[in-house]
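In what follows, a structure is listed as structure tokens, so that the remarks can point back to it.
The values are calculated or read from the model by the stated rules, or taken from the named source; none is laboratory data. The model shown is predicted, which means the values in this text are computed figures rather than measured ones. Every residue, glycine as well, gets a Cβ built from its backbone with ideal geometry; the counts of neighbours run over all protein chains shown. SASA here: full protein model, heavy atoms, side chains in, ligands and nucleic acids out. Shrake-Rupley method; radii C 1.70, N 1.55, O 1.52, S 1.80 Å.
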Amino acid sequence: MSAAAAQPVAAHGLTPAERVGIVITLLLTAGAAVARYLPGTPSVAAFVLAGCALAGQAWLVSIATEQLGGHLGPALAGTLQATVGNVPELFVVLFALQAHQALIAQMTLLGSILMNALLVLGLVLVVGAARSRDGIMRFSPRLPNDEATLLLVASFLIVLLGVAHVARDPVSHHGQAISIVGAVMILIVYGSWMRQYLRSGRPQEATSEVMRLTLPLSLVLVTVAGVGSAFTSDWFVHALQPTIHQLHISEQFAGLVIVALAGNAVEHSVGIYLAWRQRAELAIAVVKTSVAQIAAFVFPLLVLVSLLTATPLTFSIAPLYIAALFGTAILVWQITGDGEATVFEGFALIGSFVVIATFAAFGG
Amino acid sequence: MSAAAAQPVAAHGLTPAERVGIVITLLLTAGAAVARYLPGTPSVAAFVLAGCALAGQAWLVSIATEQLGGHLGPALAGTLQATVGNVPELFVVLFALQAHQALIAQMTLLGSILMNALLVLGLVLVVGAARSRDGIMRFSPRLPNDEATLLLVASFLIVLLGVAHVARDPVSHHGQAISIVGAVMILIVYGSWMRQYLRSGRPQEATSEVMRLTLPLSLVLVTVAGVGSAFTSDWFVHALQPTIHQLHISEQFAGLVIVALAGNAVEHSVGIYLAWRQRAELAIAVVKTSVAQIAAFVFPLLVLVSLLTATPLTFSIAPLYIAALFGTAILVWQITGDGEATVFEGFALIGSFVVIATFAAFGG
Amino acid sequence: MSAAAAQPVAAHGLTPAERVGIVITLLLTAGAAVARYLPGTPSVAAFVLAGCALAGQAWLVSIATEQLGGHLGPALAGTLQATVGNVPELFVVLFALQAHQALIAQMTLLGSILMNALLVLGLVLVVGAARSRDGIMRFSPRLPNDEATLLLVASFLIVLLGVAHVARDPVSHHGQAISIVGAVMILIVYGSWMRQYLRSGRPQEATSEVMRLTLPLSLVLVTVAGVGSAFTSDWFVHALQPTIHQLHISEQFAGLVIVALAGNAVEHSVGIYLAWRQRAELAIAVVKTSVAQIAAFVFPLLVLVSLLTATPLTFSIAPLYIAALFGTAILVWQITGDGEATVFEGFALIGSFVVIATFAAFGG
């Protein structure tokens, strides 16, 4: 494994196939931009174009991130990837709050957490375990356990608010004040984790292949594709609204599944691609840091930022989704906490996501 | 440990004491059959006869299963045992649904899960730990963790349905449709586990004693005793109903404790007997696969099958028992997930079952 | 580490600085006694004097306990410390019940559990991890897992009672009878744990320094300081009531935070002092056994004893605090169950306590 890493590394640059892929992605992105701003474009066409452009950008990020992983180690690469991948959610939620759509904003954040923690992670485990020789995907248990801690701390606050609300405790009238205190505490906990995580950035798995792209080129590709995906996600969401009403889809399902799918296409593809390449450590890092960042950084940050907007965001969400969040934190911890996963455990996560999505489809 | 396994194995056959035991069991079973169908038999007499016959059959299964364990390895032996042991529940629930007794049907399934996961497993841990040299019972953590995953996935769906109901979420009107989707997902997850479990059937512990019975004779004994226990369980349940009303026992307690006790007498005795013989791996396998099978196979299968019967079965159960199911999943995982157990941990499980049974006794 | 332990041990006695400290503590205790019984003393003065006296006693206990740890091994030392430290709570709760203040009594017990399990343990982990060379505090996972089991068993009963109450299950009318059965079961589970824990009392970490105090002197100091802290805690609580009303503090916050802080000052200081001295095993033992003792010994014992008092104590507490108790059991298990902790994990516990205290401050 480390024999290849010890060899001198050469930067061969992009292959011809990759150059073609980049050109196609640029064309799709341009097409999605035209469909967004050209009056009279059918929303379905705009939707398909933006979706394909997103997929192309995701593929581009996946190549560049794997190259970056070799240069920076999985910890930093994973953090970078999760940051770039979370830009779309941040914009979607802020735009939704500006338009007084608090439910879509909450469901988008929740959907990003649940989709990454259940569906994407489940696919990563299925692919990773199926590709390993003995059917068991192995990774360091430290990161999954840290992510379980962050998810439990965030859902602890949300569960307490929900229980106070359902039990009609008078304290539930102070939801916003408690949300602010809770947001600050969660951000402090997240900050102490981030500090520790970045310090420990040991290169856990040596790259087993020649690093073809230079560090600057990898960084440029990641940045361009990440920023591009932010714009494209916005167009995708814009084209989505008319489609929802046309197809009689519930707002819950739209936020939880469709917007979350658009916003997380990047992590989705990268994580599964890395699992396929048997880069277990990096695949887990990409998905896990993304979940932790949304639950313990993006969500509390938006609660504080939204005090300045027309519609304040709080941690008070519907009881059904509180239970879904807490159950997800427990299930993901139980499955990944031992640093081993099998195909069956991947299916358990995917099946749970399908069940939650079914509730959302019925307007739950 | 493996020295004996390496020796040539001889099939000595049944001991005289065992032959006497088999004859007594046959007589008790015949007596229970007569008591069931002879008009005018007091229900208490029929109850006692059927109970003793069940105990005899359980003892017979325990001998044959231990012999089978040597021939087939603990994984297959455990699965066979759990399958044979679950036939009574399957019939009890279907008969109850045909008779429009949905509460008894649900409580019987729930009782089988809780009794095996808490009371029987607790007794297995107490006996196993007390009999080990250093007071710690040791077993592979893989199976307990897989069972925790299955139990968490099944209770995830049930918790979401219960929360939607208590919070009066409009989605709770679609309980049956969601139950069907959930049942299919749980069966897929169970199927992927079963496939993986049967493939990995490594003989984890070599048998430390001479295998006295041949494979065919062991199989015949297990089959006859298992099928017999299915009939006897039915007679036992039939004699039970008048007894319940006579003694003012709540329906919840009847289903959760009494019917579950009848249906699980087999696993009960076998698991504890195996723990006493210090066959920790096999004892855990017998109890654990039984819990996983009822929660993630028998329950969802009956939800689908019951669509054809007069009274459909759903996953919507009373909030009290939803909490009991989820708490049980958490507690059993916490106690057995590390592959070690002490006498105290066995008492913790038994004590929790007594608490739940107390709620049921008060009609909760 | 064990090199020092192998050297001949000499009993040098107290240092001059320690003698001065003891005299100051005695003076503060005398002052607090005067402030308590002298008519016309402002309650704020009595409050500050009693608080300082408690701090002095806590420091004295911490010195003597560390010396005892060398003589008796961490298990016995931890138990002794937790016993001495729990005497204040016992008296506070019984006095409160006598005065028909059931809410203060329950909140004091709950506050002792939550404050030790979250705030004190969090501080211990932060200090212990920050002082270790690689930023990771290491300890045997056995005790944290046993404590998780005890806390889960106790909260299991409390959750079931709470769910029955919120769902308006008729069984909730039998709360007292169920509390009695539950109390007996929890005490049996606790007894089986205590028996096992005291038997295994292996000296897990050799003392790394010269034992300066003899066993009898250490015992005398622990006893005097412990008994003194019981009296002082009472005076502290007495001076507290007028202060609460004067400062418009909610009863929940008073019980959960202020009384709990007074009652747990001893464990608080000792645990953190031991973590600072890098005695990880003993620091964890002091805090953990204290939590287990209150949840699984003091609480159920008081439920049974209170049958003889004017105001019976039950396990039925407000839904918000049931969720807080269960969430605490889960979070503490997740963080300490692997025998390792980092600064971030300590912050996660502290942050969760601040969130719960915020709910209490708003009268939740």
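Whenever you get a sec, line up B:Val61, C:Val44 from highest to lowest accessible area (probe 1.4 Å, protein heavy atoms).
Numbers: B:Val61 0, C:Val44 80 Å².
Of B:Val61, C:Val44, the descending order of accessible area is C:Val44, B:Val61.
Scanning chain C for helices, which whole DSSP H stretches are 20 Å or more long along the axis (Cα) and average 0.5 or more by Kyte-Doolittle?
Span-like helices, by this rule, are C:16-37, C:43-72, C:74-98, C:142-166, C:175-199, C:215-247, C:319-336, C:343-361.
Can you give the accessible area of C:Glu147, probe radius 1.4 Å, in Å² rounded to 10?
For C:Glu147, the solvent-accessible surface is approximately 10 Å².
Determine the shape class of region B:313-364: with a ≥ b ≥ c the square roots of the Cα gyration tensor eigenvalues, call it rounded for a/c under 1.5, and otherwise prolate if a/b is greater than b/c, oblate otherwise.
Because a/c hits 1.5 or more and a/b fails to exceed b/c, region B:313-364 counts as oblate.
So if R0 is 30 Å, what FRET efficiency would C:Leu304 and B:Asp134 give, r being the distance between their Cβ atoms, rounded to the nearest 0.05?
0.35
Where the label is 7 Å out from Cα toward Cβ, how close does C:Leu217 come to the same position in every other copy, in nm, shortest first?
7.5, 7.5
Considering only the other residues whose Cβ falls under 14 Å of the Cβ of A:Ile335, what net charge follows from Lys and Arg at +1 and Asp and Glu at -1? If you can, show how the numbers build up before the last one.
Details: positive: A:Arg138, A:Lys288, B:Arg142; negative: A:Glu147, A:Asp338, A:Glu340, A:Glu345, B:Asp146, B:Glu147.
Result for the neighbourhood of A:Ile335: -3.
Across the protein assembly as shown, what fraction of all alpha-carbon pairs, as a whole percent, falls in each successive 20 Å bin from zero upward?
For the protein assembly as shown, the pair-distance distribution reads 12, 39, 35, 13, 1.
Expected output is a single nm value to one decimal: the length gained when fully extending between C:Ala45 and C:Arg142, i.e. 0.36 nm times separation in residues minus the C-alpha distance. What is it? Before the final figure, lay out the partial values.
Details: separation 97, 0.36 × 97 = 34.92 nm, distance 4.42 nm.
Answer, rounded to one decimal: 30.5 nm.
At a probe size of 1.4 Å, how large is the accessible area of A:Val127, to the nearest 10 Å²?
Accessible area of A:Val127: about 30 Å².
Can you tell me how chain C classifies by the Cα gyration tensor, rounded, prolate or oblate, using a/c under 1.5 as the rounded cut? Kindly include the intermediate steps, with their values, before the conclusion.
Numbers: a/c = 1.75, a/b = 1.23, b/c = 1.42.
Taking the square roots of the gyration eigenvalues as a ≥ b ≥ c, chain C is oblate.
Please give the FRET efficiency for C:Leu198 paired with C:Trp276, using the beta carbon to beta carbon distance and R0 = 41 Å, rounded to the nearest 0.05.
That gives a FRET efficiency of 0.90.
What residue among A:Ala30, A:Ala105, A:Ala329 has the largest mean-square fluctuation in a Gaussian network model of chain A, using Cα springs under 10 Å?
Greatest mean-square fluctuation among the candidates belongs to A:Ala30.
What gaps in nm, shortest first, separate A:Ala177 from its twins in the other copies when you place the label 7 Å past Cα toward the beta carbon?
Nearest to farthest, the other copies are at 4.3, 4.3 nm.
Using a 1.4 Å probe and ignoring any ligands, DNA or RNA, find the accessible area of A:Arg212 and quote it in Å² to the nearest 10.
That residue has around 50 Å² of solvent-accessible surface.
What relative contact order, as a whole-number percentage, does chain C give when Cα pairs under 8 Å and 6 or more residues apart are counted?
Computed over chain C, the figure is 40 percent.
Averaging over all projection directions, find the projected area of the Cα convex hull of region C:269-358 and quote it in nm² with one decimal place.
Hull-based average projected area comes out at 7.2 nm².
Which FRET efficiency, nearest 0.05, do A:His100 and A:Leu38 yield, Cβ-Cβ r, R0 22 Å?
Once rounded, the FRET efficiency stands at 0.20.
Ordering A:Leu14, B:Leu302 from largest to smallest accessible area (1.4 angstrom probe), what's the sequence?
The ordering from most to least exposed comes out as A:Leu14, B:Leu302.
Quick one: with label points 7 Å out along Cα→Cβ, list the inter-copy distances for B:Gly135 in nm, shortest first?
Those label-point separations list as 3.9, 3.9 nm.
In square angstrom and rounded to 100, what buried accessible area do you get between chains B and A, total over both, with the probe at 1.4 Å?
Numbers: alone 16020 and 15990 Å², together 29300 Å².
Its buried surface, counting both partners, is about 2700 Å².
In deg cm²/dmol, rounded to 500, what helix-only [θ] at 222 nm does chain A give when every DSSP H run of at least 4 residues adds -39500 (n - 2.57) and the total is split over its residues?
On the way: 15 runs with 263 residues, N = 364.
Result for chain A, helices only: -24500 deg cm²/dmol.
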